[in-house]
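A short worksheet on the structure shown next.
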Protein chains: 2
Amino acid sequence: MTTPSGHTSAIQASRVIGTEVYNTEGRHIGSIENVMLDKMSNNIMFAVIGFGGFLGIGEKYHAVPWASLDYDPGHNGYVVPFSKEQLEAAPVHDISDLTGDGTRVRDDAYTYYKVPPYWI
Amino acid sequence: MTTPSGHTSAIQASRVIGTEVYNTEGRHIGSIENVMLDKMSNNIMFAVIGFGGFLGIGEKYHAVPWASLDYDPGHNGYVVPFSKEQLEAAPVHDISDLTGDGTRVRDDAYTYYKVPPYWI
(Lines give C-alpha, C1' and ligand atoms only; values in the text may rest on other atoms or scores of the structure.)
Protein backbone atom coordinates (compact mmCIF):
# COMPACT_ATOMS: atom_id res chain seq x y z
CA MET A 1 0.00 0.00 0.00
CA THR A 2 1.04 3.62 -0.39
CA THR A 3 2.86 4.99 2.59
CA PRO A 4 1.77 8.20 4.34
CA SER A 5 4.44 10.13 2.42
CA GLY A 6 2.75 9.13 -0.80
CA HIS A 7 5.77 7.20 -2.05
CA THR A 8 5.00 5.10 -5.07
CA SER A 9 6.98 2.83 -7.26
CA ALA A 10 5.90 3.09 -10.89
CA ILE A 11 6.35 0.07 -13.10
CA GLN A 12 5.64 -0.15 -16.81
CA ALA A 13 3.25 -2.99 -17.60
CA SER A 14 5.27 -3.81 -20.70
CA ARG A 15 8.32 -4.49 -18.52
CA VAL A 16 6.43 -6.68 -16.08
CA ILE A 17 5.30 -8.96 -18.91
CA GLY A 18 8.04 -11.47 -19.64
CA THR A 19 9.73 -11.17 -16.24
CA GLU A 20 10.79 -14.49 -14.72
CA VAL A 21 9.18 -15.71 -11.49
CA TYR A 22 10.75 -17.77 -8.70
CA ASN A 23 9.28 -19.44 -5.61
CA THR A 24 10.48 -19.18 -2.02
CA GLU A 25 13.11 -21.89 -2.60
CA GLY A 26 14.60 -19.89 -5.47
CA ARG A 27 13.23 -22.34 -8.00
CA HIS A 28 12.21 -20.91 -11.36
CA ILE A 29 8.48 -21.48 -11.81
CA GLY A 30 7.61 -19.53 -14.94
CA SER A 31 7.27 -16.01 -16.25
CA ILE A 32 4.68 -13.26 -16.21
CA GLU A 33 2.48 -13.75 -19.25
CA ASN A 34 0.21 -10.81 -18.62
CA VAL A 35 -1.32 -8.47 -16.09
CA MET A 36 -5.09 -8.35 -15.84
CA LEU A 37 -6.51 -4.88 -15.26
CA ASP A 38 -9.92 -4.11 -13.82
CA LYS A 39 -11.74 -1.63 -16.04
CA MET A 40 -14.48 -1.07 -13.46
CA SER A 41 -12.12 0.17 -10.77
CA ASN A 42 -8.57 1.46 -10.69
CA ASN A 43 -7.19 -1.91 -9.67
CA ILE A 44 -4.83 -4.55 -10.92
CA MET A 45 -6.86 -7.79 -10.80
CA PHE A 46 -3.98 -10.28 -10.85
CA ALA A 47 -0.82 -11.26 -12.65
CA VAL A 48 -0.77 -14.29 -14.91
CA ILE A 49 2.15 -16.70 -14.61
CA GLY A 50 2.72 -19.17 -17.42
CA PHE A 51 4.66 -22.27 -16.53
CA GLY A 52 4.81 -24.74 -19.37
CA GLY A 53 3.35 -25.60 -22.71
CA PHE A 54 4.62 -24.65 -26.10
CA LEU A 55 3.47 -21.56 -27.98
CA GLY A 56 0.35 -21.51 -25.84
CA ILE A 57 -0.80 -25.00 -26.81
CA GLY A 58 -1.79 -26.75 -23.64
CA GLU A 59 -0.19 -24.04 -21.56
CA LYS A 60 -1.55 -23.68 -18.06
CA TYR A 61 -1.54 -20.52 -16.03
CA HIS A 62 -1.55 -19.40 -12.45
CA ALA A 63 -3.33 -16.21 -11.42
CA VAL A 64 -1.57 -14.54 -8.51
CA PRO A 65 -2.42 -11.35 -6.64
CA TRP A 66 -0.24 -8.40 -7.64
CA ALA A 67 0.72 -7.85 -4.01
CA SER A 68 2.37 -11.29 -3.94
CA LEU A 69 5.04 -10.33 -6.46
CA ASP A 70 8.24 -9.07 -4.93
CA TYR A 71 11.00 -7.95 -7.25
CA ASP A 72 14.36 -9.48 -6.45
CA PRO A 73 17.31 -7.79 -8.17
CA GLY A 74 19.46 -10.86 -7.40
CA HIS A 75 17.22 -13.04 -9.56
CA ASN A 76 16.35 -10.20 -11.92
CA GLY A 77 12.83 -11.47 -11.47
CA TYR A 78 9.88 -11.71 -9.13
CA VAL A 79 9.77 -13.94 -6.09
CA VAL A 80 6.39 -15.15 -4.86
CA PRO A 81 6.09 -16.17 -1.19
CA PHE A 82 4.77 -19.63 -2.03
CA SER A 83 6.42 -23.00 -1.76
CA LYS A 84 6.67 -25.62 -4.49
CA GLU A 85 3.89 -27.59 -2.79
CA GLN A 86 1.59 -24.57 -2.57
CA LEU A 87 2.06 -23.79 -6.23
CA GLU A 88 1.55 -27.38 -7.28
CA ALA A 89 -1.79 -27.44 -5.49
CA ALA A 90 -2.82 -23.96 -6.69
CA PRO A 91 -5.69 -23.32 -9.10
CA VAL A 92 -4.60 -23.61 -12.71
CA HIS A 93 -6.33 -22.09 -15.68
CA ASP A 94 -6.24 -22.32 -19.41
CA ILE A 95 -6.34 -19.33 -21.69
CA SER A 96 -10.14 -19.31 -22.00
CA ASP A 97 -10.51 -18.82 -18.23
CA LEU A 98 -8.35 -15.72 -18.42
CA THR A 99 -9.94 -13.95 -21.37
CA GLY A 100 -13.41 -13.87 -19.85
CA ASP A 101 -14.76 -11.84 -16.98
CA GLY A 102 -11.94 -12.82 -14.66
CA THR A 103 -13.86 -12.48 -11.43
CA ARG A 104 -13.93 -16.16 -10.52
CA VAL A 105 -10.25 -16.61 -11.36
CA ARG A 106 -9.44 -13.59 -9.24
CA ASP A 107 -11.56 -14.74 -6.31
CA ASP A 108 -10.06 -18.24 -6.40
CA ALA A 109 -6.52 -16.83 -6.44
CA TYR A 110 -7.02 -14.42 -3.54
CA THR A 111 -8.72 -17.15 -1.50
CA TYR A 112 -6.08 -19.78 -2.20
CA TYR A 113 -3.09 -17.52 -1.51
CA LYS A 114 -4.88 -15.88 1.45
CA VAL A 115 -4.39 -12.34 0.17
CA PRO A 116 -6.98 -9.81 1.43
CA PRO A 117 -9.33 -8.88 -1.42
CA TYR A 118 -8.99 -5.33 -2.73
CA TRP A 119 -12.62 -5.20 -3.85
CA ILE A 120 -14.46 -5.54 -0.53
CA MET B 1 -15.79 1.25 -9.46
CA THR B 2 -16.99 -2.27 -8.86
CA THR B 3 -20.72 -2.57 -8.59
CA PRO B 4 -22.42 -4.16 -5.57
CA SER B 5 -22.76 -7.42 -7.51
CA GLY B 6 -19.01 -7.57 -7.82
CA HIS B 7 -19.07 -7.28 -11.59
CA THR B 8 -15.69 -6.65 -13.08
CA SER B 9 -14.33 -6.28 -16.54
CA ALA B 10 -10.94 -7.90 -16.93
CA ILE B 11 -8.58 -6.51 -19.54
CA GLN B 12 -5.18 -7.88 -20.46
CA ALA B 13 -2.49 -5.19 -20.17
CA SER B 14 -0.86 -6.52 -23.34
CA ARG B 15 -4.04 -5.75 -25.27
CA VAL B 16 -4.39 -2.24 -23.87
CA ILE B 17 -0.92 -1.37 -25.10
CA GLY B 18 -1.12 -0.33 -28.74
CA THR B 19 -4.81 0.56 -28.67
CA GLU B 20 -5.69 3.77 -30.49
CA VAL B 21 -7.08 6.76 -28.58
CA TYR B 22 -9.58 9.38 -29.75
CA ASN B 23 -10.81 12.61 -28.20
CA THR B 24 -14.40 13.77 -27.68
CA GLU B 25 -14.60 15.05 -31.26
CA GLY B 26 -13.64 11.62 -32.59
CA ARG B 27 -10.21 12.87 -33.61
CA HIS B 28 -7.38 10.36 -33.38
CA ILE B 29 -4.87 11.63 -30.84
CA GLY B 30 -2.42 8.77 -30.41
CA SER B 31 -2.17 5.29 -28.98
CA ILE B 32 -1.57 3.69 -25.60
CA GLU B 33 2.17 3.27 -25.22
CA ASN B 34 2.09 1.72 -21.79
CA VAL B 35 0.24 1.36 -18.53
CA MET B 36 2.03 2.39 -15.35
CA LEU B 37 1.38 0.15 -12.38
CA ASP B 38 1.83 1.10 -8.75
CA LYS B 39 3.90 -1.54 -6.97
CA MET B 40 3.17 -0.08 -3.55
CA SER B 41 -0.58 -0.50 -3.86
CA ASN B 42 -2.90 -2.51 -6.06
CA ASN B 43 -3.55 0.44 -8.35
CA ILE B 44 -3.08 1.44 -11.94
CA MET B 45 -1.21 4.77 -11.79
CA PHE B 46 -2.02 6.06 -15.27
CA ALA B 47 -2.02 5.18 -18.93
CA VAL B 48 0.60 6.66 -21.24
CA ILE B 49 -0.55 8.02 -24.58
CA GLY B 50 2.05 8.63 -27.26
CA PHE B 51 1.13 11.13 -29.93
CA GLY B 52 3.94 11.85 -32.29
CA GLY B 53 7.63 11.44 -32.82
CA PHE B 54 9.41 8.73 -34.72
CA LEU B 55 10.68 5.55 -33.08
CA GLY B 56 10.66 7.32 -29.75
CA ILE B 57 13.00 10.12 -30.84
CA GLY B 58 11.48 13.35 -29.61
CA GLU B 59 8.25 11.60 -28.79
CA LYS B 60 6.09 13.28 -26.22
CA TYR B 61 3.61 11.56 -23.95
CA HIS B 62 0.43 12.30 -22.08
CA ALA B 63 -0.29 10.60 -18.78
CA VAL B 64 -4.03 10.08 -18.32
CA PRO B 65 -5.94 8.51 -15.45
CA TRP B 66 -7.11 4.95 -16.17
CA ALA B 67 -10.68 5.95 -15.32
CA SER B 68 -10.67 8.43 -18.22
CA LEU B 69 -10.34 5.72 -20.86
CA ASP B 70 -13.63 4.50 -22.25
CA TYR B 71 -13.55 1.71 -24.80
CA ASP B 72 -15.58 2.49 -27.92
CA PRO B 73 -16.23 -0.54 -30.13
CA GLY B 74 -17.17 1.79 -33.01
CA HIS B 75 -13.66 3.23 -33.02
CA ASN B 76 -12.08 -0.02 -31.89
CA GLY B 77 -10.19 2.21 -29.50
CA TYR B 78 -10.43 4.32 -26.37
CA VAL B 79 -12.18 7.64 -26.19
CA VAL B 80 -11.04 10.16 -23.60
CA PRO B 81 -13.53 12.81 -22.46
CA PHE B 82 -11.21 15.68 -23.30
CA SER B 83 -11.38 18.22 -26.11
CA LYS B 84 -8.62 19.04 -28.56
CA GLU B 85 -7.95 22.25 -26.62
CA GLN B 86 -7.72 20.44 -23.28
CA LEU B 87 -5.27 17.95 -24.67
CA GLU B 88 -3.18 20.63 -26.35
CA ALA B 89 -2.80 22.40 -23.03
CA ALA B 90 -2.24 19.19 -21.03
CA PRO B 91 1.05 18.31 -19.34
CA VAL B 92 3.44 16.57 -21.72
CA HIS B 93 6.33 14.35 -20.74
CA ASP B 94 9.32 12.77 -22.32
CA ILE B 95 10.37 9.22 -21.70
CA SER B 96 12.66 10.08 -18.78
CA ASP B 97 9.72 11.55 -16.84
CA LEU B 98 7.86 8.27 -17.17
CA THR B 99 10.57 5.84 -16.18
CA GLY B 100 11.20 7.38 -12.79
CA ASP B 101 9.07 7.39 -9.69
CA GLY B 102 5.96 8.56 -11.55
CA THR B 103 4.33 10.30 -8.61
CA ARG B 104 4.64 13.84 -9.94
CA VAL B 105 3.47 12.83 -13.40
CA ARG B 106 0.52 11.05 -11.85
CA ASP B 107 -0.38 13.97 -9.57
CA ASP B 108 -0.16 16.48 -12.45
CA ALA B 109 -2.41 14.32 -14.64
CA TYR B 110 -5.11 13.79 -12.03
CA THR B 111 -5.08 17.49 -11.17
CA TYR B 112 -5.20 18.66 -14.77
CA TYR B 113 -7.98 16.27 -15.84
CA LYS B 114 -9.85 16.78 -12.53
CA VAL B 115 -10.06 13.07 -11.75
CA PRO B 116 -10.36 12.23 -8.02
CA PRO B 117 -7.08 10.75 -6.79
CA TYR B 118 -7.20 7.05 -5.89
CA TRP B 119 -4.38 7.40 -3.36
CA ILE B 120 -5.98 9.75 -0.81
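The values are calculated or read from the model by the stated rules, or taken from the named source; none is laboratory data. Predicted model only: the values in this text are computed from it and were never measured. For neighbour counting, all protein chains shown are included, and Cβ atoms are generated from backbone atoms with ideal geometry for every residue, glycine included. What goes into the accessible areas is simple: the full protein's heavy atoms, side chains included, and nothing from ligands, DNA or RNA. Shrake-Rupley method; radii C 1.70, N 1.55, O 1.52, S 1.80 Å.
Chains A and B: what accessible area do they bury, summed, in square angstrom to the nearest 100, with a 1.4 Å probe?
3500
³J(HN,Hα) across the range B:103-113 via Karplus (A = 6.51, B = -1.76, C = 1.60, θ = phi - 60°), whole Hz, x for Gly/Pro?
Once rounded to whole Hz, the list reads 5, 5, 4, 4, 4, 4, 5, 5, 5, 4, 8.
Averaged per residue, what accessible area in Å² does chain A show with a 1.4 Å probe, protein chains only? Each step should come with its number before you reach the end.
Working: 5880 Å² over 120 residues.
Averaged over the residues of chain A, the accessible area is 49 Å².
Stick to Cα atoms and the Kirkwood definition of Rh, then tell me Rg/Rh for the protein assembly as shown.
0.97
If the limit is 21 Å between Cα atoms, which of A:LYS39/B:LYS84; A:LYS39/A:LYS114; A:LYS60/A:LYS84; A:LYS39/A:LYS60 go over it?
Table pairs above 21 Å Cα-Cα are A:LYS39/B:LYS84; A:LYS39/A:LYS114; A:LYS39/A:LYS60.
Using θ = phi - 60° and the Karplus relation 6.51 cos²θ - 1.76 cosθ + 1.60, list the HN-Hα couplings for the range B:34-48 in order, rounded to whole Hz, with x at every Gly or Pro.
6, 10, 8, 9, 9, 6, 8, 9, 9, 9, 8, 6, 5, 9, 10
Nearest the rotation axis from B to A, which residue of chain B has its beta carbon, and at what whole-angstrom distance?
Rotation axis B onto A, closest Cβ, rounded to whole Å: B:ALA13, 2.
State, as an integer percentage, the relative contact order of chain B based on alpha-carbon contacts under 8 Å between residues 6 or more apart. Please report the intermediate quantities before stating the final value.
Numbers: 183 pairs, mean separation 25.0, N = 120.
Relative CO of chain B lands at 21 percent.
Based on alpha-carbon positions alone, could you give the equivalent ellipsoid semi-axes of chain A from the gyration tensor, as √(5λ), descending, whole Å?
Sorted largest first and rounded, they come to 21, 18, 15 Å.
Would you please give the residues with an amide H less than 5 Å from that of B:PHE82, counting only those at least 5 places away or on a separate chain, with H modeled from the backbone geometry?
Answer set, sorted by chain and number: B:THR24.
Going 7 Å from Cα along the Cα-Cβ axis for the label, what nanometre distances separate B:GLY100 from the same residue across the other copies?
4.5
Helix-only mean residue ellipticity at 222 nm, chain A, DSSP H runs n ≥ 4 weighted -39,500 (n - 2.57), per residue, nearest 500. What is it? It would help to have the intermediate numbers written out before the result.
On the way: 4 runs with 23 residues, N = 120.
It lands at -4000 deg cm²/dmol.
Set the Förster radius R0 to 45 Å, insert the Cβ-Cβ distance between B:GLU88 and A:SER9 as r into 1/(1 + (r/R0)^6), and round the FRET efficiency to 0.05.
Computed FRET efficiency for B:GLU88 and A:SER9: 0.90.
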